[in-house]
Structures are given as structure tokens and as C-alpha cells.
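Here, each number is a calculation from the coordinates, and none is a lab measurement. Note that this is a predicted model, so its numbers are computed, not measured. Cβ: placed from backbone, ideal geometry, glycine included. Neighbour counts: every protein chain shown.
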Amino acid sequence: MKRTVTTLQKAKEEGKKISMLTCYDYTTACIVEEAGIDCVLIGDSLGMTMLGYDDTLPVTMEDMIHHTRAVSRGLSNTFLVADMPFLSYQTSIYDAVMNAGRLVKEGHAQAVKLEGGAKVCPQIEAIVKADIPVVAHIGLTPQSVNAFGGFKVQGKTTDNAKQLIEDALAVEKAGAFMVVLECVPAKLASLISKKLSIPTIGIGAGAGCDGQVLVYQDMLGMFNGIKPKFVKHFANIGEEMKKAFMAYDEEVKACSFPAEEHTFAISDEVMKELN
Ligand code: KIV
């Protein structure tokens with residue numbers, strides 16, 4: 001059954017957890033769809049995971065549309081959310097609505113996600129008025145990495161925690177139908193989830209959220225570098241891929257691949273004509 005804003009809201013009301021994974025390409029989208037994941041996020045994290053940037057700031061609308069469109073071709077029942085990249089909505093209400101519209105019209109997204117709390121509420125209201133569902137994103141918002149002075153857990157002091165609660169209530173009031181809580185202490189995320197009537201999706205925010213999201217390369221163990229505390233490796237695909245690539249390299253060099261069964265035949269008569 002196709003997931004919609006209504007089914008996601010119903011999940012919250014019925015206390016059913018929502019699963020979300022990032023996805024950036026058609027092949028992975030087909031696998032995510034078959035696995036029965038509820039929502040896919042074409043995160044601007046693609047700047048780091050797919051394009052090799054140090055952070056998400058260089059990602060463009062064209063990057064987002066390109067990847068969103070590819071993912072949309074692999075999905076039928078999974079709900080599709082696309083990220084609004086840095087400076088595609090902060091600059092003006094007009095930019096926010098036009099760029100959200102592009103992600104829907106050109107990328108085939110069902111909803112857009114943008115970062116920030118109370119300060120982006122005018123943008124959320126305007127996008128929702130254009131009938132585009134909005135997912136808000138508060139806590140550690142990676143597009144603000146330079147303002148935060150690094151990727152840090154948010155909401156640990158009383159003032160900061162109060163601000164996060166206010167931001168959560170503000171984005172709900174502005175019309176967001178879901179909110180991502182990133183790198184927020186588990187007890188605070190639980191409290192926010194109870195205060196809101198819309199679903200909360202946590203990443204590094206504990207089990208008290210209404211759902212969870214992870215970057216798929218992180219949960220598949222595809223990166224050798226730093227593993228954030230909140231990431232669990234559900235498989236070791238990076239190691240498996242490396243082993244397969246090494247085996248291929250060895251077989252090519254040893255002339256054991258391709259074998260007979262991987263080749264196409266031609267009749268001896270035809271070959272004779274060629275010699
Ligand atoms: O860009 C992204 O992948 C995200 C998730 C980490 C929530 O925003």
C-alpha cells in the first residue's frame with residue numbers, strides 16, 4: 001500500500017514506529033522498496049556519501065533533483081522525501097516555494113525536508129500553503145555546521161533544550177507533518193515526541209522517537225572511517241564489496257574470468273570464413 005502523509009500520521013496515532021532510510025539511486029531504491037521500508041529520504045548527505053564533499057553545503061538543487069528522480073523510479077509504495085539543499089530556502093519565501101515545487105515537479109518527491117526551527121517557519125507555512133508536505137529538521141542541522149562550530153549533540157543545556165522544544169512546537173504549528181530530530185539526548189527527544197502530535201523521526205535521538213532514519217551507507221558498514229555513536233552496522237557490505245572487487249581483480253589477472261559459461265558462442269563455419 002502506498003504510504004502517504006495520512007498513513008504516517010496514523011502510524012503515530014497507533015503507536016507504530018516508522019522506518020526511514022536515505023537513498024540516492026535507482027538500484028538501492030528498488031532494494032529499499034522490496035524491504036518494506038516506510039520512507040526514503042534523498043538527503044543532502046548525498047554531497048558526502050555520493051559526491052565526496054566534506055559537508056552538505058556545496059549540494060545544489062540540480063544534484064537533488066537528479067538523485068530524487070532516479071530514486072522515484074525505483075519506488076512504488078515507499079514515501080519519498082527530498083531534502084532542500086543549502087540556500088535553496090533560507091534566502092526568501094519565494095525561493096523556498098519555487099525550489100520545493102521543483103523537487104515535486106521535476107524530482108517526483110512527495111514531500112520536502114528543510115533544516116531549522118522557528119526561524120524557517122515562514123518558509124514552512126508558504127510551502128505547505130502550496131500543498132507541498134514539509135518535514136522539518138531540528139537539533140544538529142548539518143547545513144549550520146559552520147555556525148555550530150562542528151557536528152555536535154544539541155539540546156544538552158537547559159536553554160538549548162528549551163529552544164529545541166520551542167522549535168519543535170513552532171514547526172508543528174507552521175504546518176510541518178513530520179520532524180527529524182538529529183543528535184538530541186534521548187530523554188529530550190522522547191519528551192518532544194510526546195509533546196507533538198506529528199511524528200518525530202530520530203537519528204542519534206534514541207528509541208523514544210516515533211521513527212528512525214539512518215544513512216544507508218552507515219548502517220551497511222560501507223565507510224571505513226569514523227562510526228558515529230548512533231550508527232549500528234546491520235551488515236558489513238563495505239568489506240563484502242572489497243572482497244568481491246579483489247577476487248575479480250585476481251581472476252582477471254589470472255585469466256580465470258571470464259570462463260566458458262560467461263562467453264558467447266559462434267559456429268566453427270563462420271569462424272573458418274574469417275580466418
Ligand atoms: O541529509 C540527510 O541524510 C539527513 C538525515 C541524516 C536526516 O538529513
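For this structure, a couple of remarks:
- Cβ-defined net charge surrounding Ala247, 15 Å radius [Lys, Arg +1; Asp, Glu -1]: -2
- The residue among Ala35, Thr141, Thr60 whose Cα reaches farthest toward the positive pole of the charge dipole of the stretch 1-147, with charges on the beta-carbon of Lys, Arg, Asp and Glu, is Ala35.
- Neighbour-count order for Val270, Val128, Val104, Val180, fewest beta carbons within 10 angstrom listed first: Val270, Val128, Val104, Val180
- Across Gly221, Gly15, Gly107, mean-square fluctuation computed from a Gaussian network of the chain (C-alpha pairs under 10 Å connected) peaks at Gly15.
- The eigenvalues of the Cα gyration tensor, multiplied by 5 and square-rooted, give the stretch 5-236 an equivalent ellipsoid with semi-axes of 23, 21, 19 Å from largest to smallest.
- Euclidean distance between Cα centres, the stretch 56-111 to the stretch 196-261, Å: 24 Å
- Cα point-scatterer Debye curve for the stretch 219-275, base-10 log of I(q)/I(0) at q = 0.13, 0.27, 0.28 Å⁻¹: -0.59, -1.02, -1.05
- Mean separation of Cα pairs under 8 Å and 6 or more residues apart, divided by the residue count, gives the stretch 197-255 a relative contact order of 23 percent.
- Among the trypsin sites (Lys or Arg not before Pro) in the stretch 200-249, those placed in a DSSP loop whose Cβ has at most 11 other Cβ atoms within 10 Å are Lys229, Lys232.
- Among Ala82, Ala111, Ala247, residue whose mean-square fluctuation peaks in a GNM of the chain (springs only between Cα atoms under 10 Å): Ala247
- Phi angles of the stretch 40-53 translate, via the Karplus equation with coefficients 6.51, -1.76, 1.60 and θ = phi - 60°, into HN-Hα couplings of 10, 10, 7, x, 6, 4, 4, x, 8, 6, 9, 10, x, 6 Hz per residue; Gly and Pro are given as x.
- Calculated P(r) of the stretch 1-90 - Cα pairs past 22 Å, %: 31 percent
- Its relative contact order, with pairs defined as Cα atoms under 8 Å and 6+ residues apart, puts the chain at 15 percent.
- Taking Lys and Arg as +1 and Asp and Glu as -1, the other residues whose beta-carbon sits under 10 Å from that of Leu41 total -1.
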